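As structure tokens, the structure follows; a few thoughts come after it.
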């Protein structure tokens, strides 16, 4: 199954496809069927692979998957925010609890906990962000690849 | 308590037509194409903000103004104070609890009310119906333009595409203001992307009683930047704020002038214009690195840029009241370069040096009752968000997209 996915590096048009959550398994990338009109592309990199999910409004979501099939990072870019509760998975509660909306009208979120790092920036029409789990970074791969 | 607040801050006024209009329309010698000049100077202030339960919210670095809203074509009007002036968005958004007028909701071609969503990168959002109102500031009037009623009652709940899993920021307390006046670079909050029938983004919704779903909405039915809807002085905005001391100021009063080069008080002078891209961004160069997703936003209450590792500025303690801001041991001085194409000659790059200082936010906030600071900063990884401190001691012009001036066509900044 995993080997099959790695081979699928061509553009796949997937009408009903969701995205896997941070910390989830690669299988969930394909099985997580939500209503997300999107196309998907799998890009093999040295030591990991990237699932790129794009939709017509310009949203691009990237999921960074280690060779043993764990989603160690996610990034997003687009006119609106993707559903972070879905994209961050079990890390979402920690993210939400770490953001202090009253601390400033800064409209950004930067969380740097021991394991979880989330950077959500930008503004209407142009959001971007990334999240990763330090504990899941593959050997020899730094957080800088998640962007 | 809450009702007392509403009565105090929201004065429902029925005013005469003469008082609402420019009151000076007898000059028969004017040509038909040039309306008589009106007062284009709107007072603005940085202060402790609106009262909630009898107390000022006390947030720092929020720029406010008072906006008069009327039921379209009538003299039934209301003035609402402490509306945040936001150059980072377009369109007027009023917190529903502060609105005493029964404004007509906008309907789409299927006869359903239109829902509008604005999201922020901190995963908060504002949701509510689009209604139409006449908007009056200084002597200017934008007639029957779409605005958002934030957190309106008796309206369907925000759909997941709007909430994105996040937290509502829909009360006066959440916003630190009674509403948001978006006088940014764009004519609408969304523009042609939301008029696309193929795959519009999650900004406009068609709302049946059973719930709301993403829908395309024509550009004219979208939230409009009130300034470009004025009959004159409609090509941009000039914000003028005096400098404040390094220790801050209790409050700062300034002006928002409508139009660029349309009257004797809003000429460009020596200001240098730089075009922004289709997202409202430009390039800031800092220590030799270019950050191309940078922007100017009076609605951000500090200079938010890069991160602690890149700047060497320590983050304030997570347990302090200044979490999210920078806390250097001593004030740090920096220079960055903002650059963008000349709006009237796009092959020419225009660069401007910007000097700024970052002080310890905990010390600033602890030691005073001041609300205006020109030297508070915080993190914004990968880009510069030039927040309200950028505006102190500077005349900043905002050229609206597609609107012409001596500097060229917007979107551009000039300072």
message: Which condition from (1) facing chain B (nearest Cβ under 8 Å); (2) in a loop (DSSP other than H, G, I, E, B); (3) crowded, with 17+ Cβ neighbours inside 10 Å is the one that residue A:56 breaks?
response: (3)
From B:346, B:320, B:405, B:330, residue being more than 19 Å from residue B:294 (Cβ to Cβ) and at pLDDT below 95: B:320
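Quick check, is residue B:280 out of contact with any helix residue (DSSP H, G or I) (no Cβ under 6 Å at 6 or more places or on another chain), at pLDDT 95 or above and crowded, with 24+ Cβ neighbours inside 10 Å? Explain how you work it out, then say what you get.
Working: out of contact with any helix residue (DSSP H, G or I) (no Cβ under 6 Å at 6 or more places or on another chain): yes; at pLDDT 95 or above: yes; crowded, with 24+ Cβ neighbours inside 10 Å: yes.
Considered against the rule, which asks whether it is out of contact with any helix residue (DSSP H, G or I) (no Cβ under 6 Å at 6 or more places or on another chain), at pLDDT 95 or above and crowded, with 24+ Cβ neighbours inside 10 Å, residue B:280 comes out as yes.
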query: Inside the stretch A:36-53, can you point out the residues that are closer than 17 Å to residue A:21 by Cα and within 14 Å of another protein chain (Cβ to nearest Cβ)?
result: A:36, A:38, A:53
- request: For the stretch B:360-377, enumerate the residues that are within 25 Å of the chain's Cα centre (by Cα) and under 29 Å from residue B:289 (Cα atoms).
  value: B:361, B:373, B:374, B:375, B:376, B:377
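Of the residues B:261, B:254, B:269, only one is assigned to a strand (DSSP E or B) and at pLDDT 95 or above; which? Let's see the steps before the verdict.
Numbers: B:261 fails: assigned to a strand (DSSP E or B); B:269 fails: assigned to a strand (DSSP E or B).
Going through B:261, B:254, B:269 in turn, just one is assigned to a strand (DSSP E or B) and at pLDDT 95 or above: B:254.
For the stretch B:111-122, enumerate the residues that are part of a loop (DSSP other than H, G, I, E, B) and within 14 Å of chain A (Cβ to nearest Cβ).
Kept after step one, since they are part of a loop (DSSP other than H, G, I, E, B), are these residues of the stretch B:111-122: B:111-112, B:120-122.
Within the stretch B:111-122, B:120, B:121, B:122 meet the criteria.
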message: Being free of Cβ contacts under 8 Å to residues at least 40 places away in the same chain, more than 14 Å from chain A (Cβ to nearest Cβ) and not in a helix (DSSP H, G or I) is the requirement here; does residue B:328 meet it?
response: yes
task: Could you tell me whether any residue of the stretch A:59-71 is surrounded by fewer than 20 Cβ atoms within 10 Å (Cβ to Cβ) and modelled with pLDDT under 90?
output: no
task: Tell me, please, whether a residue that is within 12 Å of another protein chain (Cβ to nearest Cβ), touching a helix residue (DSSP H, G or I) at 6+ places or on another chain (Cβ under 7 Å) and assigned to a loop (DSSP other than H, G, I, E, B) can be found in the stretch B:203-221.
output: yes
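Please work out if residue A:99 is at pLDDT 90 or above and under 21 Å from residue B:309 (Cα atoms).
On the way: at pLDDT 90 or above: no; under 21 Å from residue B:309 (Cα atoms): yes.
Spelling it out, it is not the case that residue A:99 is at pLDDT 90 or above and under 21 Å from residue B:309 (Cα atoms).
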query: Would you say residue B:341 is more than 13 Å from chain A (Cβ to nearest Cβ), in a loop (DSSP other than H, G, I, E, B), crowded, with 17+ Cβ neighbours inside 10 Å and at pLDDT 95 or above?
result: no
field: residue B:317, sole failed condition from (1) in contact (Cβ under 8 Å) with a residue 12 or more places away in the chain; (2) in a loop (DSSP other than H, G, I, E, B); (3) facing chain A (nearest Cβ under 8 Å)
entry: (3)
statement: Checked the stretch B:277-314 for anything within 10 Å of chain A (Cβ to nearest Cβ) and more than 23 Å from residue B:359 (Cα to Cα); matches are B:277, B:278, B:279, B:280, B:281, B:293
Pick from the stretch B:156-169, criterion at pLDDT below 95 and in a loop (DSSP other than H, G, I, E, B), ranking: nearest to the other protein chains (Cβ to nearest Cβ): B:165
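Looking only at residues in the stretch B:123-154 that are touching a residue at least 24 places away in the same chain (Cβ under 8 Å) and not in a strand (DSSP E or B), which one is nearest to the other protein chains (Cβ to nearest Cβ)? Give the derivation first.
Within the stretch B:123-154, the first condition is being touching a residue at least 24 places away in the same chain (Cβ under 8 Å), and the residues that meet it are B:123-153.
With the extra rule that they be not in a strand (DSSP E or B), the set shrinks to B:123, B:138-139, B:151-153.
On the way: B:123: 5, B:138: 25, B:139: 30, B:151: 15, B:152: 20, B:153: 22 Å.
Filtering first and then ranking leaves B:123.
Using the structure shown, decide if residue B:58 is surrounded by fewer than 18 Cβ atoms within 10 Å (Cβ to Cβ), modelled with pLDDT under 95 and either in contact with a helix residue (DSSP H, G or I) (Cβ under 7 Å, 6 or more places away or on another chain) or outside any strand (DSSP E or B) (or both).
Values: surrounded by fewer than 18 Cβ atoms within 10 Å (Cβ to Cβ): yes; modelled with pLDDT under 95: yes; either in contact with a helix residue (DSSP H, G or I) (Cβ under 7 Å, 6 or more places away or on another chain) or outside any strand (DSSP E or B) (or both): yes.
So residue B:58 passes the test.
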- request: Run residue B:244 past the list (1) modelled with pLDDT of 95 or more; (2) surrounded by fewer than 24 Cβ atoms within 10 Å (Cβ to Cβ); (3) assigned to a loop (DSSP other than H, G, I, E, B) and report the number of the one that doesn't hold.
  value: (1)
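Here's the yes/no breakdown for (1) within 14 Å of chain A (Cβ to nearest Cβ); (2) in contact with a helix residue (DSSP H, G or I) (Cβ under 8 Å, 6 or more places away or on another chain); (3) part of a strand (DSSP E or B):
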| site | (1), (2), (3) |
| --- | --- |
| B:323 | yes, yes, no |
| B:336 | no, no, yes |
| B:351 | no, no, yes |
| B:374 | no, yes, no |
| B:395 | no, no, yes |
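Conditions tested, residue by residue: (1) at pLDDT below 95; (2) over 15 Å from residue B:102 (Cβ atoms); (3) surrounded by fewer than 21 Cβ atoms within 10 Å (Cβ to Cβ).
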| residue | (1), (2), (3) |
| --- | --- |
| B:117 | no, yes, no |
| B:127 | no, yes, no |
| B:134 | no, no, no |
| B:138 | no, yes, yes |
| B:150 | no, yes, no |
task: Could you tell me whether residue B:370 is part of a loop (DSSP other than H, G, I, E, B) and crowded, with 17+ Cβ neighbours inside 10 Å?
output: yes
Subset of the stretch B:331-352 (residues that are free of Cβ contacts under 8 Å to residues at least 40 places away in the same chain and within 20 Å of residue B:246 (Cβ to Cβ)): B:332, B:333, B:335
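The values are calculated or read from the model by the stated rules, or taken from the named source; none is laboratory data. These numbers come from a predicted model, not from an experiment. We place every Cβ from the backbone using ideal geometry, glycine too, and count neighbours over all the protein chains shown.
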